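Data block below; observations after.
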Amino acid sequence: MRFRILGCWPLRGGALLLIAAAAALALPAPAARAGALTIGGSGTGLGAMRLLAGAFESAHPDVRITVVPSLGTGGGIRALADGAISLAVISRPLKDAERARDMTAEEYARTPFVFATAKKDAPSGFTLQQFAEIYAGRMALWPGGGRIRVILRPKSDSDTAILEGMSPAMRRALEEAR
């Protein structure tokens, strides 16, 4: 059985592929044949999927689309392979082992990767070296004296891979932070 996966790769800009194309795919889950789709996977792309699903359902009232809470990319791939969902949304390219299971990925969007803070005294911009200093714990205070708290994602998370790929200094900083 051939599985189709929609990908939402970070750090790029682009346009959405209409969910209508996804609904027309030969999806493996039995629910897809009964006029229902269940979508799950990476939280990065599920917000857009909810919007697209709502628009698609409005135009096709005979189809029901359920977007489940985030399963993560790996969880979405496993759920698709097990037939628990009709379509997986992922935020990284497929691994060799996943492609060996007869899975293919179609990029439907590119999402921005941002650093965010609610601090009013935060600088308006950072260099990559400053981010590395923050993650390594060497830059620990905001200009107003408040402590910077970094939230680390799991090492297996696609966001972590993006951060590590930004520079050798960032990779070392993440190792220090862990």
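The values are calculated or read from the model by the stated rules, or taken from the named source; none is laboratory data. None of these values were measured; they are calculated from a predicted model. Don't worry about glycine lacking a Cβ; one is built from the backbone with ideal geometry, like all the others, and counts go over all protein chains shown. What goes into the accessible areas is simple: the full protein's heavy atoms, side chains included, and nothing from ligands, DNA or RNA. Shrake-Rupley method; radii C 1.70, N 1.55, O 1.52, S 1.80 Å.
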For this session: Quantify, in whole percent, the carbon and sulfur part of the accessible surface of the stretch 69-178 (1.4 Å probe; protein heavy atoms only).
Result: 52
Exercise. How large is ³J(HN,Hα), in whole Hz, for each residue of the stretch 128-133 in order, when computed from phi with the Karplus curve 6.51 cos²θ - 1.76 cosθ + 1.60 and θ = phi - 60°, using x for Gly and Pro?
Worked result: 4, 4, 5, 4, 4, 5
Seminar exercise, completed: The answer for Ile148, listing residues at least 5 apart or on another chain whose modeled amide H is closer than 5 Å to its amide H, is Leu141, Trp142
For this session: Please work out how much accessible surface Arg147 shows to a 1.4 Å probe, ignoring ligands, DNA and RNA, in Å² rounded to 10.
Result: 150
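Is the C-alpha gyration tensor of the stretch 107-178 telling us rounded, prolate or oblate? Criteria: a/c under 1.5 is rounded; beyond that, a/b larger than b/c is prolate, otherwise oblate.
Values: a/c = 1.99, a/b = 1.37, b/c = 1.45.
It comes out oblate by the Cα gyration axes.
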Problem set entry | Surface accessible to a 1.4 Å probe, per residue, for the residues of the stretch 130-169, Å² | 60
Seminar exercise, completed: By the Cα gyration tensor axes a ≥ b ≥ c (a/c under 1.5 gives rounded; else a/b larger than b/c gives prolate, otherwise oblate), the shape of the stretch 22-178 is prolate
For this session: Quick one: order Val150, Val68 from most to least accessible surface, probe 1.4 Å.
Result: Val150, Val68
For this session: Give the long-range amide H neighbours of Glu107: residues separated by 5 or more places, or on another chain, with amide H under 5 Å away, using H modelled in the peptide plane at 1.01 Å from N.
Result: Gly7
For this session: Over all alpha-carbon pairs in the stretch 57-136, figure out the percentage whose distance exceeds 16 Å.
Result: 69
For this session: Quick one: which residues, 5 or more positions from Leu37 or on another chain, have an amide H under 5 Å from its amide H? H modelled 1.01 Å from N in the peptide plane, none for Pro or chain starts.
Result: Arg64, Ile65, Thr66
Exercise. Taking θ as phi - 60°, what are the ³J(HN,Hα) couplings along the stretch 134-151 by the Karplus curve (6.51, -1.76, 1.60), each to the nearest whole Hz, with x for Gly and Pro?
Worked result: 5, 5, 7, x, 7, 10, 10, 10, 6, x, x, x, x, 6, 7, 10, 8, 9
For this session: Report the local net charge at Val68: Lys and Arg +1, Asp and Glu -1, summed over other residues whose C-beta lies under 15 Å from its C-beta.
Result: +2
For this session: Can you sort Ser124, Ser156, Ser70 by 1.4 Å-probe accessible area, starting with the largest?
Result: Ser124, Ser156, Ser70
Problem set entry | ³J(HN,Hα), Karplus 6.51/-1.76/1.60, whole Hz, each residue of the stretch 104-118, x for Gly, Pro | 10, 10, 10, 6, 10, 7, 10, 10, x, 10, 10, 9, 9, 8, 9
